[in-house]
Amino acid sequence: MEDKLKKILSKAKKEIKNISSFEDLEKIRNKFLGRQKELSQILRGIKDLPKKEKPKIGKLGNEVRQKIERSIREKEKELNEEESPEVDIDLTIPGEKIEHGHLHPLTQFMRKVIDIFQRMGFEVVEGSEVESAKYNFDLLNIPKNHPARDMWDTYYVEPGQSILAKRQLARSKKSNKQEAISDLLLRTHTSPMQIRSMQKRKPPVRLIVPGRVFRHEATDASHETTFYQCEGLVIDQEVKVTDLIGTVQLFLKTLFGKKVKTRVRPHYYPFTEPSMDFDMSCLLCEGEGCRVCGQTGWLEMMGSGLVHPKVLKNMNVDPEKYTGFAFGMGIDRFMMLYYGIDDIRLSYQGDLRFLKQF
Ligand code: FA5
């Protein structure tokens, strides 16, 4: 019995020494320590041995088992070390700062604006930045060759630049090619969405259209060639100019958290009648006059008016039954006054020194 146990131990040690995987180690563990295997059987049979042999064989049997277990543990450790070699880590070195990006200040600000209007019950609608002259001008009561088209210096899209433009060209090749070339454009304002949104809706409606617009014009502290507008459109029975003024004033008070100084000036837009512009007292110079407000103390913030009956007809809305108001606010200018930014162009330069402040 003693010899048997010694043989088991030396065989196990030899085999453990030669293995090189966890899988083989498991097999060995089972082979030498498994319940039905030789060693376990010997240990179980000790109780039947003659009284004299019992302590000696019992002691030796347990020692063999412990030695095999220890060898397996050592091998396990060895294999672990081979798999994940020790790495020299200096825990005292300061960690590298992970840079977190954030939303562009204009996006953050636009979300504030949208949130205020949503709380006032306005639906949010979005439109395409590439628009057709039909929606940007014609259906807004600005026919071709109408001098009012000059109010918006327009970027036209050349055919071949987009699938939409190619389709447009193919369609009008039959009629007039010259017209096709100038029919697609980068929208100059969000107003075309007044018409588009009403193609799928019936009054009463109360909606806003946030979005980017493009104009071919010289830039300065308060003018960019691309900027954001938020269009508003409300159509219902008996909508009046006072509803427009009240809505705008409530919006301004909610946004700025206080009553801000505004003035309403008569203006001309072909798609509203009457039309008016809202100016805000320049918060950058507190009305004293600066380069942002062109030394006037006032900044033009939005165009607005009651929706023109012709435009209502283009929306398939009966002007005898319904009236409405619309506005188009310059989001960049609101953001400038809100945060005290003295040049609109800073938003578009991608300068991190500027962007990181928001
Ligand atoms: C329009 O674009 C009209 N669609 C607004 C409108 C909508 C009138 C609905 C009536 C009914 P206007 O060109 O004035 O209007 O532009 C509206 C606002 O956009 C301006 O008050 C100004 O705040 C802003 N804005 C205009 N041009 C620029 C520019 N180059 N850079 C930055 N903001 C501008």
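The values are calculated or read from the model by the stated rules, or taken from the named source; none is laboratory data. None of these values were measured; they are calculated from a predicted model. Glycine gets a Cβ as well: all are built from the backbone with ideal geometry, and neighbour counts include every protein chain shown. The accessibility values were calculated without ligands, DNA or RNA, using every heavy atom of the protein model including side chains. Shrake-Rupley method; radii C 1.70, N 1.55, O 1.52, S 1.80 Å.
Below is a table of values for the structure above.
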{"read-out": "Per-residue ³J(HN,Hα) for region 307-316, Karplus 6.51 cos²θ - 1.76 cosθ + 1.60, θ = phi - 60°, Hz, x for Gly and Pro", "value": "4, 5, x, 5, 5, 4, 4, 5, 8, 6"}
{"read-out": "Exceeding the 28 Å Cα-Cα cut-off - candidates K7/K56; K6/K75; K112/K240; K97/K253", "value": "K97/K253"}
{"read-out": "Candidates Q295, Q36, Q237: whichever shows maximal mean-square fluctuation once the chain is modelled as a Gaussian network with Cα springs under 10 Å", "value": "Q36"}
{"read-out": "Pairs of Cα atoms farther than 31 Å apart, the chain, %", "value": "56 percent"}
{"read-out": "C-alpha long axis of helix 2-18 to longest principal axis of the chain, angle in °", "value": "30 degrees"}
{"read-out": "Whole-Å semi-axes of region 1-64's equivalent ellipsoid (Cα gyration tensor)", "value": "26, 12, 7"}
{"read-out": "Solvent-accessible area, 1.4 Å probe, carbon plus sulfur percent, for region 273-334", "value": "43 percent"}
{"read-out": "Backbone HN-Hα couplings from phi across region 115-126 [Karplus 6.51/-1.76/1.60, Hz, Gly and Pro as x]", "value": "4, 5, 5, 4, 5, 8, x, 8, 8, 9, 10, 10"}
{"read-out": "For the chain, size of Cβ-based charge dipole, Lys and Arg +1, Asp and Glu -1, in debye", "value": "2660 debye"}
{"read-out": "On Cα atoms only, tilt of 54-83 relative to the major axis of the chain in degrees", "value": "30 degrees"}
{"read-out": "Solvent-accessible heavy-atom area per residue, rounded to whole Å², over region 201-298 at 1.4 Å", "value": "49 Å²"}
{"read-out": "Mean Cα-pair separation over length for the chain, i.e. relative contact order, pairs under 8 Å, 6 or more apart, %", "value": "14 percent"}
{"read-out": "Label-to-label distance, nm, for residues given as E23 and K144 (7 Å Cα→Cβ offset)", "value": "7.8 nm"}
{"read-out": "Derived scalar couplings ³J(HN,Hα) [region 206-217; Karplus, 6.51 cos²θ - 1.76 cosθ + 1.60; whole Hz; x for Gly, Pro]", "value": "8, 9, 10, 10, x, x, 8, 10, 9, 9, 7, 9"}
{"read-out": "For region 266-316: relative contact order, % (alpha-carbon pairs under 8 angstrom, 6 or more apart)", "value": "38 percent"}
{"read-out": "Helix 241-256 axis, angle to the chain major axis (alpha carbon atoms, nearest 10°)", "value": "40 degrees"}
{"read-out": "Where a label projected 7 Å from the Cα of K97 along Cα→Cβ would reach, residues of region 332-358 with amide N under 15 Å", "value": "352-358"}
{"read-out": "Among D90, D318, D153: highest mean-square fluctuation, GNM of the chain, C-alpha pairs under 10 Å", "value": "D90"}
{"read-out": "Partners for K202 among aspartates and glutamates (Cα-Cα distance below 12 Å; same-chain residues under 8 apart left out)", "value": "D236, D318"}
{"read-out": "Structure-based [θ]222 nm, the chain - -39500 (n - 2.57) summed over DSSP H runs of at least 4, per residue, nearest 500", "value": "-12000 deg cm²/dmol"}
